[in-house]
Amino acid sequence: MKIIRTPNEWQRERQRMGSATVGLVPTMGALHAGHLSLIRKCRSENSITVASIFVNPTQFNNKQDLSAYPRTFEDDCRLLEQEGTDILFSPDYTDMYPDDFRYQIRETELSTRLCGATRPGHFDGVLTVVMKLLTIIGPTRAYFGEKDYQQFLLIKGMAEAFFLPTQIMDCPLVREASGLALSSRNRLLSEADRRKAPKFYQALSSGKPLDEIQQLLESDGFTVDYVEEYDGRVFGAVFLEEVRLIDNVKR
Ligand code: PAF
């Protein structure tokens, strides 16, 4: 796997590839089996698979959350290589934000609901960095997991709104046997919270009315950010100590 650090370096590499189809799997690292399922799907549909690792500061509305975000670059590289990733694009802040975030992409409706209601600016950061990644890499397809289903809908909408040539692909959420959705943040949970965390999925998928799901979660010791229905799915976000978990299930 070749590691590329700057947009210019990528442009030189891209010219050598000719007309090969390129698939992109954008990540913030701390990779788990969910990310690897995206890499496998990408490899099966494109001749070149590019993964990106960039912990994007503009999507963290809380500085503590940004500094606590797990960084496991060496392990990530090993996992990406094992899966047969061709190229890792891993830029630094100044390469991605020569404008220091003066230019931003903003969606004004869905981005203010669900996770956007309590994380102001979060989706501005996500959409802006994804727009930059899509513009730099110019992939035929880009792959996103359904754990972040609101993010997927917003990125798909952005690609349509700006006539981007990249196809935005969604991939099924991957769960542990316990039902807990795989997430980079799971590794921040204490042992006791790790045991409690699967109850989040169990409550969301219980089929109960939303207020009962919320009560169930609170009585199990979760601090509930929201439980809401949108687009035929139940979405939720909860805290265990400082760690924020999100999940969604089809209703
Ligand atoms: O889902 C993520 O890991 C991030 O939000 C993304 C899409 C890589 C943008 O930073």
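The values are calculated or read from the model by the stated rules, or taken from the named source; none is laboratory data. Every value quoted in this text rests on a predicted model; they were computed, and no experiment measured them. Virtual Cβ from ideal backbone geometry, glycine too; neighbours counted across all protein chains shown.
Observations, loosely collected:
- Lone unmet requirement of (1) surrounded by fewer than 18 Cβ atoms within 10 Å (Cβ to Cβ); (2) farther than 30 Å from TYR103 by Cβ; (3) touching a helix residue (DSSP H, G or I) at 6+ places or on another chain (Cβ under 9 Å) for THR21: (2)
- Some residue of region 159-173 being farther than 22 Å from SER47 by Cα and touching a Leu at 6+ places or on another chain (Cβ under 6 Å): no
- So PHE89, is it over 21 Å from ARG14 (Cβ atoms), touching a residue at least 40 places away in the same chain (Cβ under 8 Å) and among the aromatic types (Phe, Trp, Tyr): no
- Of the residues LEU204, LEU180, LEU173, LEU189, the single one that is without any contact (Cβ under 8 Å) to a residue 24 or more places away in the chain and crowded, with 16+ Cβ neighbours inside 10 Å is LEU180.
- From the options THR108, THR166, residue that is away from the ligand (no atom under 12 Å from the Cβ), under 21 Å from ALA20 (Cα atoms) and not hydrophobic (A, V, I, L, M, F, W, C): THR166
- Matching residues in region 24-50 - criterion: being surrounded by 21 or more Cβ atoms within 10 Å (Cβ to Cβ) and more than 15 Å from the ligand (Cβ to nearest atom): THR49
- Only one of the listed residues (PHE89, PHE73) is within 13 Å of the ligand (Cβ to nearest atom) and either within 14 Å of the chain's Cα centre (by Cα) or at pLDDT 95 or above (or both). That residue is PHE89.
- Checking PHE101 against (1) in contact (Cβ under 8 Å) with a residue 40 or more places away in the chain; (2) buried (at least 18 other Cβ atoms within 10 Å of the Cβ); (3) under 30 Å from ASP225 (Cα atoms), the condition it does not meet: (2)
- Taking every residue in region 145-160 that is more than 16 Å from LEU182 (Cβ to Cβ) and in contact (Cβ under 8 Å) with a residue 40 or more places away in the chain and pairing it with any residue that is away from the ligand (no atom under 12 Å from the Cβ) and assigned to a helix (DSSP H, G or I), at least 6 positions away or on another chain, the pairs with Cβ-Cβ distances below 7 Å are GLN150/LEU110; LEU153/LEU110; LEU154/LEU110; LEU154/SER111.
- Test result for ASP211, acidic (Asp, Glu), exposed (fewer than 14 other Cβ atoms within 10 Å of the Cβ) and at pLDDT 95 or above: yes
- Residue satisfying all of: in region 116-135; within 13 Å of the ligand (Cβ to nearest atom) and under 24 Å from ILE48 (Cβ atoms); surrounded by the most Cβ atoms within 10 Å (Cβ to Cβ) among these: VAL130
- Qualifying residues in region 136-163 (those that are of a type in the set (A, V, I, L, M) and crowded, with 16+ Cβ neighbours inside 10 Å) - the one nearest to the ligand (Cβ to nearest atom): ILE155
- Selection of region 42-94 for residues being touching a Phe, Trp or Tyr at 6+ places or on another chain (Cβ under 6 Å) and either in a helix (DSSP H, G or I) or of a type in the set (Asp, Glu) (or both) yields CYS42, THR58, LEU66.
- Note on region 65-86: residues that are under 24 Å from PHE235 (Cβ atoms) and in contact (Cβ under 8 Å) with a residue 24 or more places away in the chain amount to 4.
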